[in-house]
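A.B. asks: Handing you this structure, nothing more for now.
The values are calculated or read from the model by the stated rules, or taken from the named source; none is laboratory data. Everything numeric here is computed off the predicted structure, so don't read it as measured data. Cβ placement follows ideal geometry from the backbone for every residue including glycine, while neighbour counts extend to all protein chains displayed. Accessible surface is based on the protein model in full, side chains and every heavy atom, while ligands, DNA and RNA are left aside. Shrake-Rupley method; radii C 1.70, N 1.55, O 1.52, S 1.80 Å.
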Amino acid sequence: MIGELFASGEWLPFAFAFLIGLSMLLYAILDGYDLGVGLLSRFARGPERDRMIGSIGPFWDANETWLVLGVGLLLVAFPKAHGDILTHLYLPVAVMILGLIFRGVSFDFRKKVPAEQQDRWNRAFFWGSLVVAVSQGYMVGRFMTGFQEGAASQVFAVFFGALVTAGYVLMGACWLVLKTEDALQRRAVGWARIALWSMVAGAILSSAAAPFVATRIYDRMFAFPEITLLLAMPLASITLTLIMHFLLGALPLPGDRLAWMPLSLSVLIFVLGFVGLVYSFYPYIIPGRLRIVEAAASPDSLRIILWGAAVVMPVLAGYTALAYRIFAGKAHDLSYD
Amino acid sequence: MDPFILSRIQFAANITFHILFPTITIALGWLLLFFKLRFQVTRDERWMDLYFFFTKIFALSFSLGVVSGVTMSFQFGTNWPGFMNTVGNIAGPLLAYEVLTAFFLEATFLGVMLFGFRRVKPWMHTGATVLVAAGTTLSAFWILALNSWMHTPAGFKMVDGVAHAVDWQAIIFNPSMPYRLVHTLLASGLTVAFLAAGLLAYRRLKGDRSPAVSSGLRCALTLGAVLIPLQIIAGDLHGVNTREYQPQKLAAMDALWETQRGAPLTLFALPDMEARTNHHAIEIPKLGSLIITRDPDGEVRGLNEFKGEHPPVAPVFWSFRVMVGTGMAMLAAAWTGAWWLWRRGTLPDWFLRGLVAMTFSGWVATVAGWYVTEIGRQPWLVQGVLKARDAVAAVPGEHVGLTLVAYLVVYAVLLTAFVASLFYLARKESARLAVREASS
C-alpha cells in the first residue's frame, strides 16, 4: 500500500506542505531575530547600534531567502492556494514588502551616506523592521480565520500582529544576549524579559479572541480525547516560559555561561507555537477554504523540484553552518577590510 | 482605471527597477574577482583599493536587487495568479531551482565575502568571491531560461488548459534562450564597464591621481571596448532568431506594416497604429532586409499579417532605437578611450566628463532592450499560450493604483539615494587615498 502511494505521487503534496511549513518556520526564526534586533536598534545608545547591526550583518540576507523559498514553494506546489492567499492579502503584502525594502537597503545605506544622513537610514531600518513584523503577524492572523470579514477577526489579526512582533523582539534580544557582552548584553537581558511577558500577553489576548472568530479552530483544539495529548503543548510552553523568566533573572553569569540558552528556549517556544498553529488547520492549506490535496500542482513538476531540493538542501545546510562558524563568537563592528 | 493596465504598469515598474541592480552585480562580481586575483599575482595595493571601492558598490547594488527581487516573487501571486495557474508546472521548477541553487549560495557567501576578509584564509575569501559571482550568474541563467520560455515556449503539452512539462532540456534550452542569455550577460558586462569608467573618471576629475584610478580606468575601458563588438554580433543573431520565432515583434521593431522583399531600414518615423502607417519616415532602402535576412531582397513579414495579435508599435520601435543608439555611443566612447589610454596613457578632461555622463548608459540600453523584448511579446504573456489579460488578478483597481503609487515613490527615493551614494563613495574613497598618500 505504501509502494502504491509512492508510485501514484499522492504523497507529494504532503511532502511539499511539510517543506513549505519548514521554510516558513525557519524564516520566522532566522529573520525573526534579525527583525527583533532591528526593532531594538531604536533603543541603542551611541556605538551600541553599530555593534547590534554588526551581529546580524553577515546573516540577514540568507535569512530573508527562506521567505522567498517558502512563498516560492507555495507558488510552485499549490498555485491555487498561492493566488488565493496573496490576492486576499493584497494590501498587507504590499505594506510588508515596503517594510522589507526599507529594512534591507538601510543596512547598506546607513554606512554609505554622509554622516548627517545616517540617522535617516537608522530610522528607516527601525520602521522597516517594525512594519515587517506587525504585517507578518497580522497576515498570519487573517490567514488563520480563512480571511473572515468583520471587526472581530480584524481585532484577532491585530492581536496576532502584536504577538508575532513581541516574539521577534524576544528572539532578537536573546540573539544579542548570545552575541554581545558587557553593558549591551545586560540591557539585552532586560529587553528579553519585557519581550517575554509582552509575548505572553499577546498569546493570552489572541487565545481569548480565537473562539469568537475561528470556531473551527477552537473546536479542534478542545475536542476530546485529543485535548489530553494537546494539553502537553501549552504546558510545555508555560514551563519553558517560566524557565526563561528565571534564567533571565540570573543572566549574565560569570564566564558568560548559559548565554546561549535564552535563544534556544525562545526558538523552542516558537517551534511549539508554530506546530500548534499548523495542527489547528491541518489538512487544510488555507483554513476552512482549501485542502492540501485539492490545491496541488502536477506531480511530475513536483517530483523534479523535490529531487533538486533533496540534493541542494544538505549542501545549503552545510554552507549555512560554515557561515555561522566563521562569524561565531561575540559580534564586532562590521568592516569590509 | 482598468486594474489590468495598472497591474501591467506596476509590474513594469518593479521589473524595471529590479533589473538595474542584477545588471550591475552579475558582471561586477567577476570584475571584483579579477581585481582580487590581480592583487594576489602582483601584490600591488592599487588592486585591493579597487576591490574595496567596488565591493561597497556591489553590496549596495546587491541589497537593492534582493529587496526588489523579493517584491517580484510576491507579485506573481498578488497580481498575476493566472500565470502560475496555467504555466506553473514549467515556471515553478525553474524559479525553485533559482532560489535553491543560486539565491542561497550568493546570499550566504556574500556575508563571507563582505565581512570575512579578516576572519578567513585568503583562498577562502577568494573562493567566497567566486561563489558569489557564480551565484549571480546562475541566477541569471534560471531567470532567463524562464523568460526565454515565455517568448519561445517548447518542450511542453497542454492538458485541460494547463501546461505540463514533457522535455526539460527543451524547456530550459528553448530556441531563444542561448541568444537572450549571452545578450543579457554582455549587457551586464557593458553596464559595469561604463559604471566603473564613469565613477573613476569622476574621481580623476576631482583630482584623484592614484594608481588605482589609472589602472581601473584602463580595465573598464578595455572591457567596454572588447565587449561592445561582441554585443553587436550577439544582438544581431538575437534579431535573426526573433525573425524566426516572433516575426510580429521584429516587424514592430522596424515599424514595417506590409510584408515585403527588399525592406528598408527605418532610421526615424512616427508609427501610427490607427492609420497603420508611418509618418515622416527616413529610410535606407533594402538595408532592413539585408540585416535581417542577409539578402538585400529577402522577405520580411509586416505587421498587417498579425492584425490584433501584434504589440503596440511605437514603444517597441522607439525602445529599439534608444538601445541601438546607446550601444553606438558606447562603441565610440570605449574605443576612443581605450585607444587613447593605450597610446598616450591619459585622457583629456572633456572626455572624462563624457564618461561621467555615460556612467549609467548601460542601464539605459538594458532597460530599453527589455522594453523591446517584453512589450514586443504583447498581447501575450506566454507567446501563443497565455494572454496577459487572462492572467491578471481580480483585485480592485484602487488597491492596485494605491500600491503602484507607493512603489513608484519608494523607487524614486531609492534610485536617487543610490546614485547620490555612488558619487559620494567615490569622493570619500579619493579623500581616503589622499590622506594615506600624505601620511606615507
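A.B. asks: Could you go through the stretch A:81-97 in sequence order and give the Karplus-derived ³J(HN,Hα) for each residue, using 6.51 cos²θ - 1.76 cosθ + 1.60 with θ = phi - 60°, rounded to whole Hz, and x for Gly and Pro?
C.D. replies: Once θ is set to phi - 60°, the couplings for the stretch A:81-97 become 5, 4, x, 5, 5, 6, 6, 5, 9, 3, 6, x, 5, 4, 4, 4, 4 Hz.
A.B. asks: In addition: Dipole size in debye (nearest 20) for the stretch A:13-326 around its Cα centre, Lys and Arg Cβ +1, Asp and Glu Cβ -1?
C.D. replies: 380 debye
A.B. asks: For every helix of n ≥ 4 consecutive DSSP H residues, a contribution of -39,500 (n - 2.57) applies; sum these over chain A, divide by its total residues, and give [θ] at 222 nm rounded to the nearest 500 deg cm²/dmol.
C.D. replies: -26500 deg cm²/dmol
A.B. asks: Quick one: what are the phi-derived ³J(HN,Hα) couplings along the stretch B:116-132, Karplus 6.51/-1.76/1.60 with θ = phi - 60°, whole Hz, x for glycine and proline?
C.D. replies: Once θ is set to phi - 60°, the couplings for the stretch B:116-132 become x, 3, 8, 9, 10, 5, x, 5, 6, 5, 4, x, 5, 4, 4, 5, 5 Hz.
A.B. asks: Turning to a different aspect of this structure: Please tell me the relative contact order of chain B in percent, rounded to the nearest whole number, where contacts are Cα pairs under 8 Å and at least six residues apart.
C.D. replies: Normalised by residue count, the contact order of chain B is 20 percent.
A.B. asks: Let me know the mean shielding of B:112-122 by other chains, meaning the per-residue number of their Cβ atoms within 10 Å of its Cβ. Provide the component values of the computation, followed by the final result.
C.D. replies: Numbers: counts 6, 2, 7, 10, 5, 3, 4, 6, 3, 0, 0.
Mean inter-chain Cβ contacts per residue within 10 Å come to 4.
A.B. asks: On to the next question. Taking Cα atoms, how many degrees apart are the long axis of helix A:232-250 and the longest axis of chain A, rounded to 10 and kept between 0 and 90?
C.D. replies: Value to nearest ten degrees: 0.
A.B. asks: Calculate what fraction, in whole %, of the accessible area of the stretch A:13-326 sits on carbon and sulfur atoms when a 1.4 Å probe is rolled over the protein chains.
C.D. replies: Taking all protein chains in place, the stretch A:13-326 shows 71 percent carbon and sulfur surface.
A.B. asks: Follow-up. Between residue B:173 and residue B:119, what is the spin-label point distance in nm, taking each point 7 Å from the Cα along the Cα→C-beta axis?
C.D. replies: Here the answer is 4.0 nm between the modelled labels.
A.B. asks: Let me ask something else. Rounding to the nearest 10 and keeping the result within 0 to 90°, find how far the Cα-based axis of helix B:177-205 lies from the longest principal axis of chain B.
C.D. replies: Once rounded, the angle reads 40 degrees.
A.B. asks: Then there's this: Give me, ordered by chain and number, the residues 5 or more places off residue A:291 or on other chains with an amide H under 5 Å from its own placed amide H.
C.D. replies: Residues meeting the amide H criterion: A:285.
A.B. asks: Which is farthest toward the positive dipole end of chain B among B:414, B:113, B:300, measuring Cα position about the Cα centre, with Cβ charges +1 (Lys, Arg) and -1 (Asp, Glu)?
C.D. replies: Of the options given, the answer is B:113.
A.B. asks: What is the interface area between chains B and A, defined as buried accessible area summed over both chains with a 1.4 Å probe, reported in Å² to the nearest 100?
C.D. replies: 5800 Å²
A.B. asks: Taking each residue of A:54-62 in turn, how many C-beta atoms of other protein chains fall within 10 Å of its C-beta, and what is the average?
C.D. replies: Mean shielding count: 5.
A.B. asks: Along the stretch A:288-299, what does the Karplus equation 6.51 cos²θ - 1.76 cosθ + 1.60 (θ = phi - 60°) give for ³J(HN,Hα), rounded to whole Hz, x for Gly and Pro?
C.D. replies: Listing the rounded values in order: x, 10, 9, 8, 3, 5, 6, 9, 6, 7, 5, x Hz.
A.B. asks: Under 5 Å between amide hydrogens, which residues at least 5 positions from residue B:265 or on another chain qualify, with H placed 1.01 Å from N in the peptide plane?
C.D. replies: Here B:284, B:286, B:287, B:288 satisfy the definition.
A.B. asks: With loop defined by DSSP as not H, G, I, E or B, and exposure as at most 10 other Cβ atoms within 10 Å, which is the longest segment of chain B clear of exposed trypsin sites (Lys or Arg not before Pro)?
C.D. replies: B:119-293
A.B. asks: If each of residue B:45 and residue A:233 carries a label point 7 Å out from its Cα toward its Cβ, how far apart are those two points in nm?
C.D. replies: Computed distance between label sites residue B:45 and residue A:233 equals 6.1 nm.
A.B. asks: Return the single residue from A:277, A:253, A:100 with maximal mean-square fluctuation; model: Gaussian network over chain A, springs between Cα atoms under 10 Å.
C.D. replies: A:253
A.B. asks: Oh, and also: Filter the cross-link list B:249/B:286; A:179/B:56; A:80/B:307 down to pairs whose alpha-carbon distance in this structure exceeds 23 Å. Working shown, then result.
C.D. replies: Values: B:249/B:286 19 Å; A:179/B:56 25 Å; A:80/B:307 34 Å.
Table pairs above 23 Å Cα-Cα are A:179/B:56; A:80/B:307.
A.B. asks: Considering only the other residues whose Cβ falls under 10 Å of the Cβ of residue A:327, what net charge follows from Lys and Arg at +1 and Asp and Glu at -1?
C.D. replies: Local net charge: +3.
A.B. asks: What's the angle, to the nearest 10 degrees (0 to 90), between helix A:182-213's Cα axis and the longest principal axis of chain A?
C.D. replies: Its long axis makes an angle of about 30 degrees.
A.B. asks: What is the local net charge at residue A:122, summed over the other residues whose Cβ is closer than 11 Å to its Cβ (Lys, Arg +1; Asp, Glu -1)?
C.D. replies: +4
A.B. asks: Along the Cα→Cβ direction, 7 angstrom out, place labels at residue B:268 and residue A:307. What is the inter-label distance in nm?
C.D. replies: 5.7 nm
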